[in-house]
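Q: The structure follows.
The values are calculated or read from the model by the stated rules, or taken from the named source; none is laboratory data. The structure presented is a predicted model; accordingly, all values stated were derived computationally and were not measured. Cβ: placed from backbone, ideal geometry, glycine included. Neighbour counts: every protein chain shown. Keep in mind that these areas ignore ligands, DNA and RNA; they rest on the heavy atoms of the full protein, side chains included. Shrake-Rupley method; radii C 1.70, N 1.55, O 1.52, S 1.80 Å.
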Amino acid sequence: MTAYQRPIDAASLAQNFRVFASADCAGEPLYAALSREIASDRNILELLLEAPYPQRRPVLLFAATHDLLLAGVEHPLSRFYRSVTDDAEVRGLASMSVEHAFAAFADFCGQRRDALLASLRERTTQTNEVGRCAGLRLLLAGLDRDTPIALIDVGCSAGLNLLVDRYRFSYRLNDKSVRAVGPESPVEIAAMFEADAFPFGRAAMPAIVERCGIDLAPLDVHDARDARWLRACVWPSDVERHARLAGSIAIARDASIELHRGDATDRLTAIVDRLDRDVRPVVFHSWVVSYFERAARTQFVEAVRAIVIERDGVWISAESAGVVPGLDAPALTDDAAPERREATLWHLTTRNVKGACEVRTMARSQAHCRWIEWLA
């Protein structure tokens with residue numbers, strides 16, 4: 001995250017809220033407006049300083065607030081949340097101005113300070129955004145289709161991205177034609193695909209024979225509070241994402257997914273060690289490595305590279321530039337838009353004919369894969 005600062009004090013958090021408003025909130029005008037005001041409100045900034053260091057991010061404060069509103073806490077702030085209100089006029093955004101939301105937000109934070117602190121200290125940012133499967137699906141389609149895979153999601157939240165083969169995808173090629181792939185599904189994911197042609201023919205993918213997730217605090221879709229927290233991590237104005245999340249939760253409740261609690265590197269090694277030798281491990285992670293301490297990032301990278309070399313594994317990384325050691329970022333022009341500078345980079349690492357790791361930068365995308373710029 002090139003413009004973000006280490007969130008060690010109120011000043012650095014203020015900068016991060018300003019960056020969040022300008023670079024990450026194109027699809028959420030409420031959070032953009034609130035972030036600009038929060039950057040100047042020390043009381044709210046100090047509230048977020050109570051979160052563990054790696055979690056001091058705008059999205060955690062917004063999720064904690066959203067969770068209380070979804071739980072039924074009554075307050076005028078709820079009228080600004082399309083995900084919460086039953087007012088048809090408000091849901092249509094016919095009368096509410098997000099520029100007037102901050103006074104209600106500040107009042108809510110004051111009234112519910114203790115409840116917010118409990119969430120900020122205990123919960124973690126766990127946006128299980130299945131829109132990112134639009135990028136994952138493309139990279140999986142480029143693998144050998146005759147070799148079954150074990151898909152392993154590091155930082156999996158509730159493991160919804162492990163169901164990538166259960167979703168339907170619609171890729172619009174340069175705003176000209178639409179390419180649909182995947183089975184009929186209650187979850188349909190659309191993405192703008194910036195390329196002249198779809199890269200992998202009919203986009204068939206290998207069979208997923210095992211689905212494993214690793215998280216420090218995995219969420220259980222069968223638990224009402226955990227399911228609500230998943231909703232809370234989704235932006236309130238995006239009714240399409242809320243509907244997509246509901247569909248993916250319903251699929252997950254009937255699926256066979258292994259969720260492992262614990263350290264990413266330790267759990268990953270143990271999972272791969274027990275796999276049948278004829279199953280190819282595919283390690284995937286998205287927007288999680290930035291939460292690792294520096295030493296842990298290096299250890300994780302070494303462990304994944306060993307899996308690639310020793311087990312002919314595949315490593316798919318979807319993180320922002322500079323987060324993962326050894327994964328370089330392609331150059332951008334000086335006038336590149338903020339959303340391009342803060343975009344997700346998709347790296348694919350496989351074993352080459354010499355038995356070494358070969359890294360390719362495959363794509364750049366919006367954080368939730370609303371658009372995907374193909375680079376390979």
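Q: Give just the number: which of (1) at pLDDT below 95; (2) in a helix (DSSP H, G or I); (3) more than 20 Å from Arg231 (Cα to Cα) does Arg36 not satisfy?
A: Arg36 satisfies all of (1) at pLDDT below 95; (2) in a helix (DSSP H, G or I); (3) more than 20 Å from Arg231 (Cα to Cα) except (1).
Q: Let me ask something additional. Look at the stretch 39-64 and say how many of its residues are out of contact with any Leu (no Cβ under 7 Å at 6 or more places or on another chain) and assigned to a helix (DSSP H, G or I).
A: Final tally of qualifying residues: 11.
Q: Moving to a separate point now. Cβ contacts < 8 Å: first residue outside any strand (DSSP E or B), restricted to the stretch 336-359; second residue open to solvent by less than 60 Å² (accessible area, probe 1.4 Å) and among the basic types (Lys, Arg), any location; separation 6+ or different chain. Result?
A: Partner pairs satisfying both residue conditions: Arg340/Arg364; Ala343/Arg364.
Q: Failed condition for Val324, given (1) β-branched (Val, Ile, Thr); (2) assigned to a helix (DSSP H, G or I); (3) crowded, with 20+ Cβ neighbours inside 10 Å, with all others met?
A: Among (1) β-branched (Val, Ile, Thr); (2) assigned to a helix (DSSP H, G or I); (3) crowded, with 20+ Cβ neighbours inside 10 Å, Val324 violates only (2).
Q: Step by step: first the residues of the stretch 66-86, then only those that are assigned to a loop (DSSP other than H, G, I, E, B) and of a type in the set (Ser, Thr, Tyr), then the one that is farthest from Thr127 (Cα to Cα). Which residue is that?
A: Result: Thr85.
Q: Kindly evaluate Thr344 against the criterion of being surrounded by fewer than 17 Cβ atoms within 10 Å (Cβ to Cβ), of a type outside the set (D, E, K, R) and within 20 Å of Gly131 (Cα to Cα).
A: no
Q: Let me ask another. Going through Asp144, Asp165 one at a time, which residue ends up being acidic (Asp, Glu) and without any contact (Cβ under 8 Å) to a residue 60 or more places away in the chain?
A: Result of the check over Asp144, Asp165: Asp165.
Q: Select from the stretch 215-273 the residues that are open to solvent by 50 Å² or more (accessible area, probe 1.4 Å), in contact with a helix residue (DSSP H, G or I) (Cβ under 7 Å, 6 or more places away or on another chain) and in a loop (DSSP other than H, G, I, E, B) and list them in ascending order.
A: Asp220
Q: Just name the residue that is surrounded by the most Cβ atoms within 10 Å (Cβ to Cβ) out of those in the stretch 1-27 that are of a type outside the set (A, V, I, L, M, F, W, C), assigned to a loop (DSSP other than H, G, I, E, B) and touching a residue at least 40 places away in the same chain (Cβ under 8 Å).
A: Per the criteria, the residue is Pro7.
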